[in-house]
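The values are calculated or read from the model by the stated rules, or taken from the named source; none is laboratory data. Everything quoted here is computed from the prediction, not taken from an experiment. Methodologically, a virtual Cβ is constructed for each residue, glycine included, from the backbone with ideal geometry; neighbour enumeration extends over all protein chains shown. Heads up: the accessible areas ignore ligands, DNA and RNA and are worked out on the full protein's heavy atoms, side chains in. Shrake-Rupley method; radii C 1.70, N 1.55, O 1.52, S 1.80 Å.
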Amino acid sequence: MKILEKLGLARKKRPGMPAIGEKKKKEEDSFSLKHSAYIKGLIFLIFLGLLIASIPHVSFKDTTNYSVGEPWRNEDLTAPFTFALKKSPSELEQEKASIRQHTPPIFHVNHNVRIRVQSRLDSLFREMQPVLQSYAEWQNSTKASKSERLKDSLQFVQARNEAGLGLSDEAWQPLLDSYAKISAQGKQDANDSRNRFLGVNIRLKLEHLVNELLDAGIINLNKEELSHAEITVRDPRDRTERTYNLSNVKDLQEARDYAKYQLSRSFFDEAATSAYQIFNLVIEPNWVFNATDTQARINDALSTISQTKGAVAQGQVIIRRGDIITKEKYNMLQSLAEARAERASEYEILLRYVGDVLAIIAIVMVFFMYLYLYRRSIYEDNAMFLLVFWLSR
């Protein structure tokens, strides 16, 4: 039998009945917790304290309810004192939007751009020289053998690939032909543009064109992205600030279009193509948009917006009984409520707060009496009592 008991297979013993005194004691303890008046009172006080703590008592607010489009049901209302008429949220937002729209964007002059453009132009023509030289040697070796000419042509192709200037075949050809021609003649006239290398004429024209455009200024934003008629340009080096009409400045695409037009007037079609591609490789905007300064100017302008738009004099009729509450009347009523809140004394604020507390106590007492008179089962059970008050919160 002992073995079966150890294995848990023996017959289960019936649990003994608890003593009558012990059972009665547990029932009394359970009853005392479930129906204790002290616990019920504690629940009531905690609930009441939470409601009172949630009352906002930092300001004095008008509790009258009214809406736009409804008739005024109270007596005629006149201004008890002179107060400022507040702007509506929509009016303030419209003013802010207008400031953002009409505040000119701020650009800074970058003087390093001129140096970089000139450096790129010098570097491009310097890297172009080996390609031109190898082409001229290839074209001028008419008396050389076929293998020598093939070798020269391969050297030209290699030199062009190594240069990697990004010029198309159409742009390279006028420069190559001009250099080969001048090399074959063995001389060029520096004072005669017709008898000197085409690249020299293109470079001189591009230097003049670049200086002209950078002096006038090229902005680094597309004009279509700007909703302003003017821009402000600041020169940190010279400490100057000027305002320009947007129609008098150029963005990068307009600068390219202007250069293309000017180059087409100065060179024949193939040479103009060469010059235009070189221009696109070296040019960059020198008026750079500064988001930080622009936002700072907008913020300064926004800070000057007035929150009021006039005043209502003491004794002026605000609204009469039966009048429809329009947006203007509603704004006047709201302005009066805010003015009253601002002018309220500590005593008035305290009096309003005490009134709110008494109103909450009265409502909670009515709810408490309702449970006591009509929902006695809930009232008697502290668990149900707590649940109802928690859900009512």
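A few comments on the model shown:
- Some residue of segment 365-381 being in contact with a Leu (Cβ under 7 Å, 6 or more places away or on another chain) and under 30 Å from Phe44 (Cα atoms): yes
- Qualifying residue in segment 63-73 (condition: surrounded by 14 or more Cβ atoms within 10 Å (Cβ to Cβ), under 25 Å from Gly310 (Cα atoms) and modelled with pLDDT under 85): yes
- Considering the conditions (1) open to solvent by 30 Å² or more (accessible area, probe 1.4 Å); (2) closer than 22 Å to Ile115 by Cβ; (3) of a type in the set (D, E, K, R), Glu254 is excluded by exactly one of them, (2).
- Taken over segment 315-343, residues that are touching an Asp or Glu at 6+ places or on another chain (Cβ under 6 Å) and either β-branched (Val, Ile, Thr) or exposed (fewer than 11 other Cβ atoms within 10 Å of the Cβ) (or both) amount to 1.
- Candidate set from segment 111-126 (those that are under 16 Å from Gln277 (Cα atoms) and touching a residue at least 40 places away in the same chain (Cβ under 8 Å)); member that is surrounded by the most Cβ atoms within 10 Å (Cβ to Cβ): Val117
- Close pairs from segment 380-392: first at pLDDT 70 or above, partner open to solvent by 70 Å² or more (accessible area, probe 1.4 Å) and assigned to a helix (DSSP H, G or I), Cβ under 8 Å, at least 6 apart: Asp381/Lys34; Asn382/Leu33; Asn382/Lys34; Ala383/Lys34; Met384/Ser377
- Boolean, Ser274 is over 30 Å from Tyr244 (Cβ atoms), in contact with a Pro (Cβ under 7 Å, 6 or more places away or on another chain) and in contact (Cβ under 8 Å) with a residue 24 or more places away in the chain: yes
- Residue count for segment 253-308, restricted to those that are among the basic types (Lys, Arg) and modelled with pLDDT under 90: 0.
- Every test in (1) exposed (fewer than 13 other Cβ atoms within 10 Å of the Cβ); (2) modelled with pLDDT under 85; (3) not polar (S, T, N, Q) is passed by Trp138 save one, and that test is (1).
- Condition met for Thr232 (in contact with a helix residue (DSSP H, G or I) (Cβ under 9 Å, 6 or more places away or on another chain), touching a residue at least 24 places away in the same chain (Cβ under 8 Å), open to solvent by less than 30 Å² (accessible area, probe 1.4 Å) and not aliphatic (A, V, I, L, M)): yes
- Given (1) of a type outside the set (Phe, Trp, Tyr); (2) crowded, with 17+ Cβ neighbours inside 10 Å; (3) over 30 Å from Glu91 (Cα atoms), number of the condition Glu346 does not satisfy: (2)
- Against the criterion of being at pLDDT below 90 and among the small types (Gly, Ala, Ser), Ala216 does not qualify.
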